[in-house]
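The values are calculated or read from the model by the stated rules, or taken from the named source; none is laboratory data. Here the structure is a predicted model, which means the values were calculated and not measured. With ideal geometry, Cβ positions are generated from the backbone for all residues, glycine too; neighbour counts draw on all protein chains shown. The area values use the complete protein model at the heavy-atom level, side chains included, leaving out ligands, DNA and RNA. Shrake-Rupley method; radii C 1.70, N 1.55, O 1.52, S 1.80 Å.
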Amino acid sequence: MPTSVRGNSERGFTLVEVLVVLVIVAIAASMVSLSIGKGADPLRADAQRLADAFTVAEGEARSDGRPIRWLPASGGWLLERPIAGSDYRDAMGCYPLFVCRDWGGLAADLEPLRHELVSLALVTDPFGQYDEALLHGCFDVVMPFKPHFVADLSQPITTA
């Protein structure tokens with residue numbers, strides 16, 4: 001039974017054609033969303049490093065009851081402790097090396113702590129992006145601790 005006037009055909013899509021297109025679009029969208037989740041995501045990697053750092057900090061804080069101080073501008077953190085017999089506190093960087101994401105933000109993080117802490121001791125990461133002038137801008141005293149040696153394990157071992 002014809003549904004239109006003879007000679008005047010209606011143009012459009014059948015229900016089956018529309019459903020096929022919707023299924024194809026849904027499959028393509030799911031494939032795109034799956035491929036996006038597998039790619040290297042720097043934000044996800046930074047979040048994982050931060051979570052790992054807090055896990056280490058939490059373990060150290062629990063072992064001796066020290067609170068953790070997050071340094072948001074630099075991306076580092078400190079362990080604080082009260083000084084026995086006083087209302088004062090001191091702090092230290094995570095042992096063995098203090099590491100932060102942005103050394104340029106360290107001075108901004110430490111400035112408000114000048115009136116809260118008696119001392120802050122840390123050993124800087126030898127691969128960190130800083131120089132001695134930057135450290136002198138952050139601390140009253142900067143002194144060498146010990147030299148660090150780096151070995152390239154991809155090269156053959158030679159003996160002298």
Of all residues being assigned to a loop (DSSP other than H, G, I, E, B) and open to solvent by less than 90 Å² (accessible area, probe 1.4 Å) in the stretch 8-50, which is modelled with the lowest pLDDT? Just the residue, please.
Ser9
Expected output for the stretch 134-160 (first residue at pLDDT 80 or above, partner open to solvent by 90 Å² or more (accessible area, probe 1.4 Å), Cβ below 7 Å, 6+ apart or cross-chain) is Val142/Glu132; Val142/His136
Identify, by number, the condition in (1) of a type outside the set (S, T, N, Q); (2) open to solvent by 70 Å² or more (accessible area, probe 1.4 Å); (3) part of a helix (DSSP H, G or I); (4) at pLDDT 80 or above that Arg81 doesn't meet.
(3)
Residue by residue through the stretch 129-150, note down the ones that are open to solvent by less than 80 Å² (accessible area, probe 1.4 Å) and part of a loop (DSSP other than H, G, I, E, B).
Tyr130, Phe139, Val142
Could you check the stretch 105-128 and list, in sequence order, the residues that are outside any loop (DSSP other than H, G, I, E, B) and open to solvent by 60 Å² or more (accessible area, probe 1.4 Å)?
Ala108, Glu111, Pro112, Arg114, His115, Ala121
